[in-house]
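Below: the structure, in structure tokens.
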């Protein structure tokens, strides 16, 4: 293998490593964004539950909506973990 071939191979490997690193960084950023969203939804759910405990009625639909959203975000996170 000549010097030029070795240089081309090294450049290809470096490019592959950079591409892999960029993909992993993108996936990690997406996961962190989803986790922040899930935490915000959980906080909202907590506030609604406190309002329920304080005697406010008619909040069951809001609880159901927030729980559904949390489950959907959790499923997205799990799907990302499966891809990795």
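Throughout, read-outs are computed from the coordinates displayed, never taken from laboratory work. On a predicted model such as this, the values are computed, not experimentally measured, just so you know. Note that each Cβ is placed from the backbone with ideal geometry, even for glycine, and that neighbours are counted across all protein chains shown.
Among the numbered conditions (1) surrounded by 10 or more Cβ atoms within 10 Å (Cβ to Cβ); (2) over 23 Å from residue 82 (Cα atoms), the only one that residue 53 does not meet is (1).
For the stretch 56-67, the set of residues classified as loosely packed, with under 11 Cβ neighbours inside 10 Å and within 24 Å of the chain's Cα centre (by Cα) consists of 64 only.
Could you grab me the full set of residues in the stretch 38-84 that are assigned to a loop (DSSP other than H, G, I, E, B) and within 30 Å of residue 20 (Cβ to Cβ)? Lay out the reasoning, then the answer.
Pass one, the stretch 38-84, residues assigned to a loop (DSSP other than H, G, I, E, B): 54-59, 84.
Scanning the stretch 38-84 gives a single hit, 84.
Only one entry of 35, 26 meets the criterion of being loosely packed, with under 11 Cβ neighbours inside 10 Å and under 24 Å from residue 83 (Cα atoms), and that entry is 26.
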